[in-house]
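The values are calculated or read from the model by the stated rules, or taken from the named source; none is laboratory data. These numbers were taken from a predicted model, which means no experiment stands behind them. Every residue, glycine as well, gets a Cβ built from its backbone with ideal geometry; the counts of neighbours run over all protein chains shown.
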Amino acid sequence: SRRQGFSSIPNVKWDDVGGLHFLRQEFDRYIVRRIKFPEVYEDFGVDFEIGFLLYGPPGCGKTLIAKAVANEAGANFIHIKGPELLNKYVGESELAVRTIFSRARTCSPCILFFDEVDALTTQRGEEGGWVVGPLLNQLLIELDGSEQRRGVYVIGATNRPEAMDRALLRPGRFGKLIYVPLPNADERGMILKALARRKPIDASVDLMALGRDNACKNLSGADLSALMNEAAMVALEDKLTSSSKSPDGQKWTIKDAHFRTALGKIC
Ligand code: ATP
């Protein structure tokens, strides 16, 4: 999913996401189970199209959760960056949008993720005013063509919901708005625990307490990820610069002191 517009199943699990339980529930109901049990949803006549808009401050897990949805549903994931779509295909934007949706249908079930979707809005017209460009037009056509949308689920993300084109916010388009907030004290702990899954954290470290610590106030998930990586760096440098054995003969781990040093570096 790293290259613009190409699909793959991401390797992000729900367990990699700290907090945000409410989001998980919503996506389970509207996307994951619908992909897993299509016949049940059909039996109950649930066949309406749905599109989500995740909004909130940067680095709080919007992209991460969209990837987890795809992984849990066993669906492909296509990552489109709004501004790139605008700039790369000047003059060919209709075709680009059509190509993206047709690619998504080809590899359905598919999560089509539009990052910075607020960029896909009115454009500067030839006379200097703002016009609904061909790109937005084509996007609305694709979003409304429900027959063709089968198996393609759209999720948009933005830090600036107020900049979104109103037309995109209708039901079936990016109509279901969900706020993804900065984590609170407990959620910071949960995010640290999720990030710690692949790191040798010392048993003496209390990640929930670290999350509640004043030093972590106002940190986003992305900041906490930077903290975790920096702490790992400090710990591994400790290992590389000491004699070959750890002081107490145990495995080298990431300890409180490493987190303290790391906090000093990232803040
Ligand atoms: P942006 O608006 O800048 O695109 P975003 O909300 O999409 O940000 P992500 O890209 O999902 O943020 O998060 C960036 C990184 O921060 C993730 O790859 C992950 O390492 C970490 N992260 C953010 N939120 C969480 C979370 N809730 N749980 C675990 N890790 C998180």
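Things worth noting here:
- First in the range 180-192 and in contact (Cβ under 8 Å) with a residue 12 or more places away in the chain and more than 28 Å from G156 (Cβ to Cβ), second anywhere and part of a helix (DSSP H, G or I) and among the hydroxyl-bearing types (S, T, Y), Cβ under 8 Å, 6 or more apart: none
- Tally, over the range 38-61, of residues that are modelled with pLDDT of 95 or more, in a loop (DSSP other than H, G, I, E, B) and among the hydrophobic types (A, V, I, L, M, F, W, C): 1
- Number of positions in the range 1-45 that are over 30 Å from A185 (Cα atoms) and surrounded by fewer than 12 Cβ atoms within 10 Å (Cβ to Cβ): 9
- Among the residues of the range 34-51, just one is among the basic types (K, R) and within 20 Å of P171 (Cβ to Cβ), namely R34.
- Within the range 74-83, none of the residues are touching a Cys at 6+ places or on another chain (Cβ under 9 Å), charged (D, E, K, R) and at negative phi.
- If only residues of the range 132-187 that are polar (S, T, N, Q) and either buried (at least 21 other Cβ atoms within 10 Å of the Cβ) or in a helix (DSSP H, G or I) (or both) are counted, the one that is nearest to the ligand (Cβ to nearest atom) is T158.
- Applying the condition of being of a type in the set (S, T, N, Q) and closer than 14 Å to G264 by Cα to the range 188-239 and asking which residue is nearest to the ligand (Cβ to nearest atom) yields N229.
- Among the residues examined, F27 does not qualify as within 24 Å of L224 (Cβ to Cβ), at pLDDT below 95 and out of contact with any strand residue (DSSP E or B) (no Cβ under 6 Å at 6 or more places or on another chain).
- Positions within the range 193-212 being within 15 Å of N229 (Cβ to Cβ) and touching a residue at least 60 places away in the same chain (Cβ under 8 Å), in sequence order: A194, L195, R197
- Qualifying residue in the range 221-234 (condition: touching a Ser or Thr at 6+ places or on another chain (Cβ under 7 Å), within 27 Å of V12 (Cα to Cα) and at pLDDT 95 or above): yes
- Test for V69: is it more than 16 Å from the ligand (Cβ to nearest atom) and within 13 Å of Y153 (Cα to Cα): no
- Here the condition is being farther than 16 Å from R150 by Cβ and modelled with pLDDT of 95 or more; of L86, L112, L64, it holds for L64 alone.
- Filtered by the rule that a residue be within 14 Å of the ligand (Cβ to nearest atom) and closer than 30 Å to L140 by Cβ, the range 1-51 gives S1, R2, P10, V12, L20, F22, L23, R24, F27.
- Residue pairs whose Cβ atoms lie under 7 Å apart, separated by 6 or more positions or on different chains, with the first residue in the range 92-118 and within 16 Å of the ligand (Cβ to nearest atom) and the second among the basic types (K, R) and at pLDDT below 95, are D115/K81; E116/K81; D118/R160.
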